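Step one of this worksheet: look at the structure below.
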Amino acid sequence: MYLYRFEALIEDRTVPIVILASDDEKAFRLVDTELQKFYVKKPDVKELFMYEKKKISQSGGYVLDVEVLSKR
């Protein structure tokens, strides 16, 4: 299993998305699924970036500092 960190450009903001999946294809599909579950109406994603992919054995994580991420 892998832990993925995505960033989606939605309207005028960047939204971090963290996904646990067995491969890249499933991870990208899960991004759409999670966006549909989170928002009442699925937003128009202008761009989607996969920033990190970590193999997970027993533990792992990401720091999501919105101020730092917004300066990229």
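Which one, Ala21, Val31, Gly61, projects farthest toward the positive side of the charge dipole computed for segment 2-70 from Cβ point charges (K/R +1, D/E -1)?
Checked the options; the winner is Ala21.
If you line up the Cα atoms of the chain on their principal axes, what length do they span on each, largest first, in Å?
35, 26, 17
To the nearest 500 deg cm²/dmol, what mean residue ellipticity at 222 nm is calculated for the chain from DSSP H runs of n ≥ 4 alone, each contributing -39,500 (n - 2.57), summed and divided by the residues? Could the numbers behind the result be given before it?
On the way: 2 runs with 20 residues, N = 72.
Helix contribution divided over all residues of the chain: -8000 deg cm²/dmol.
Apply the Karplus curve 6.51 cos²θ - 1.76 cosθ + 1.60, θ = phi - 60°, to the phi angles in segment 16-30 and return the couplings in whole Hz, x for Gly and Pro.
Result, rounded to whole Hz: x, 9, 10, 10, 10, 8, 7, 7, 4, 4, 5, 4, 5, 5, 5.
Bear in mind that the values in this text are calculations on the coordinates, not laboratory data. Small disclaimer: the values here were computed from a predicted structure and weren't measured. Glycine gets a Cβ as well: all are built from the backbone with ideal geometry, and neighbour counts include every protein chain shown.
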